[in-house]
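Note sheet for the following structure.
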Amino acid sequence: QLQLAESGGGSVQSGGSLKLSCAASGFASEHYAIGWFRQAPGKNRIELACISPGGSTDYRDSVKGRFTISRDNEGKSVYLQMDSLKAEDTGVYYCAGRFAVSCGSGWPVSRTVWGQGTQVTVYS
C-alpha cells in the first residue's frame, strides 16, 4: 500500500523560492507516477506537474519555467522546486501517486493515493 507525505511548505516573499518534498513509502513506490497539485481557497484542485517512474515530466503552463519536479534515484522521494513565486501560487499543495508507467492518463479516485497537503503562502 502506497503512502505519501508532503513537507516543506511555508510562507515566502513574492519572487522567492521553496522546495517541497513528497516522501513515498510502501509497496513498489518506485513504479508510481507522482503528481503535484495545488488547491487555493474556493478553487478546484489543479495539477501542476507530474513525473513518471522513468523520469519523464509534464507541467501546467502557468508554472513552466518556474517549477521543477524531480525524484531521487530510488523513486522514494519526489520534489517540487518552486522559483519566482507569485501570490497566485498560494494554496495547499498535495502530492498524488498512481501505479502507472507514464503521466497524462488521469488520476482516478479508485487508483490514486494522496498525501495530507502542505500550505504554501506567498506574500508581497
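The values are calculated or read from the model by the stated rules, or taken from the named source; none is laboratory data. Quantities reported herein were computed from a predicted structural model and do not represent experimental measurements. Reconstructed Cβ throughout: ideal geometry from the backbone, glycine too, with neighbour counts over all protein chains shown. Ligands, DNA and RNA are stripped out before the accessible areas are found, and what is left, the full protein with its side chains, is counted by its heavy atoms. Shrake-Rupley method; radii C 1.70, N 1.55, O 1.52, S 1.80 Å.
What to note about this one:
- Identity of the residue in region 106-124, open to solvent by 40 Å² or more (accessible area, probe 1.4 Å) and touching a residue at least 60 places away in the same chain (Cβ under 8 Å), that ends up nearest to residue 39 (Cα to Cα): 119
- Qualifying residue in region 32-51 (condition: at pLDDT below 95 and touching a Phe, Trp or Tyr at 6+ places or on another chain (Cβ under 6 Å)): yes
- Strands (runs of 3 or more DSSP E) fully within region 1-120 that include at least 1 residues being of a type in the set (A, V, I, L, M) and more than 12 Å from the chain's Cα centre (by Cα): 10-13, 18-25, 112-114.
- Selection status of residue 36, among the hydrophobic types (A, V, I, L, M, F, W, C), open to solvent by 20 Å² or more (accessible area, probe 1.4 Å) and closer than 16 Å to residue 7 by Cβ: no
- Search result, residues across region 68-89 that are buried (at least 18 other Cβ atoms within 10 Å of the Cβ) and modelled with pLDDT of 95 or more: 69, 78, 79, 80, 82, 85, 89
- Filtered by the rule that a residue be out of contact with any Cys (no Cβ under 6 Å at 6 or more places or on another chain) and crowded, with 18+ Cβ neighbours inside 10 Å, region 48-57 gives 48, 49, 51, 53.
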